[in-house]
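One structure is given here, and the rest of the page talks about it.
The values are calculated or read from the model by the stated rules, or taken from the named source; none is laboratory data. As the structure is a prediction and not an experimental result, all values here were calculated from the model. FYI the Cβ positions are ideal-geometry reconstructions off the backbone, even for glycines, and counts take in every protein chain you see. These area figures cover heavy atoms from the full protein model, side chains too; ligands, DNA and RNA do not enter into them. Shrake-Rupley method; radii C 1.70, N 1.55, O 1.52, S 1.80 Å.
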Amino acid sequence: MYEQFNFIIEFLGMISFVMSGSFAAMQRRLDPFGVLIIAFVTAVGGGTVRDLLIDVPPFWLNDLWYLYMILAVTLLSMIFKSVETDFKVTLFVFDSFGLGLYTIVGIQKGLNAHLDPIICITLGTITGCFGGILRDILLNRIPLVFRKEIYATACIVGGSMFLFLKEYTSFPYVPIHLFTIFLIVAIRILAVKYEWEIPKFYLPKNER
């Protein structure tokens, strides 16, 4: 049961990031091949970095199903483009859910490898963020994680809550996962809505 649930989380996370990458590429008016490449990098970038760090083959090399799914979802996103006008909102929604889902996937991979909790949170943050970082670099944008918006911080807070609930409570497996996924998504959405920022250590240009 647990393996099936983890697979569903990874599946939904990949769909979210494929859609996120596709809409980011279509914002920049890339051709279909460019959209596919950006969608692929967004979907597998974080997981690939995570797997290389824990010294296992990148997950998508072992199963062609991942590549087929990325291709199918990318094609669907290009079809969906004809009825969608606000790329910014759509990109934000899919990116937020991908962030929450992939963070938990990364933490669970760390736990399965019997790593320290802090390392597990780091792996979760890498899994959630690095696909978006690579996407933004390829699109010649400053990655979201380096801008003023709360991004990686949401992964760290949600990941810490996930490990706390697993270690110190008796809540069932599935509710813990779902709660922490939606916690990360909620932090991301609220941070953008209310313009939460991490305090800066330098003065604005007009105050220098």
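Please pick out the residue among 135, 141, 50 that is of a type outside the set (Val, Ile, Thr), on the phi < 0 side of the Ramachandran plot and outside any helix (DSSP H, G or I).
141
Take the conditions open to solvent by less than 20 Å² (accessible area, probe 1.4 Å) and within 21 Å of residue 145 (Cβ to Cβ) and apply them to residue 46. Does it pass?
Against the criterion (open to solvent by less than 20 Å² (accessible area, probe 1.4 Å) and within 21 Å of residue 145 (Cβ to Cβ)), residue 46 qualifies.
Name the pairs: first residue in segment 1-22 and under 16 Å from residue 76 (Cα atoms) and in a helix (DSSP H, G or I), second residue open to solvent by less than 40 Å² (accessible area, probe 1.4 Å) and among the charged types (D, E, K, R), Cβ to Cβ under 6 Å, at least 6 apart or on different chains?
Every condition considered, the pairs that remain are 20/95; 21/135.
Got a sec? Which of 11, 59, 23 is under 28 Å from residue 192 (Cα atoms) and in contact with a helix residue (DSSP H, G or I) (Cβ under 7 Å, 6 or more places away or on another chain)?
From the options 11, 59, 23, the qualifying one is 23.
Among the residues of segment 147-180, which ones are within 19 Å of residue 192 (Cα to Cα) and either in contact with a strand residue (DSSP E or B) (Cβ under 6 Å, 6 or more places away or on another chain) or in a loop (DSSP other than H, G, I, E, B) (or both)?
147, 148, 149, 150, 151
Can you tell which of 89, 105 is closer than 20 Å to residue 8 by Cα and aliphatic (A, V, I, L, M)?
Result of the check over 89, 105: 105.
For the subset of segment 55-111 comprising residues that are in a helix (DSSP H, G or I), charged (D, E, K, R) and open to solvent by 20 Å² or more (accessible area, probe 1.4 Å), which member is farthest from residue 184 (Cα to Cα)?
Within segment 55-111, the match that is farthest from residue 184 (Cα to Cα) is 88.
So which residues in segment 142-200 are surrounded by fewer than 18 Cβ atoms within 10 Å (Cβ to Cβ) and among the aromatic types (Phe, Trp, Tyr), if there are any at all?
146, 164, 168, 171, 173, 179, 182, 194, 196
Pull up segment 69-95, narrow it to residues that are modelled with pLDDT under 95, under 20 Å from the mean Cα position of the chain (by Cα) and of a type outside the set (A, V, I, L, M, F, W, C), then point me to the one that is farthest from residue 2 (Cα to Cα).
88
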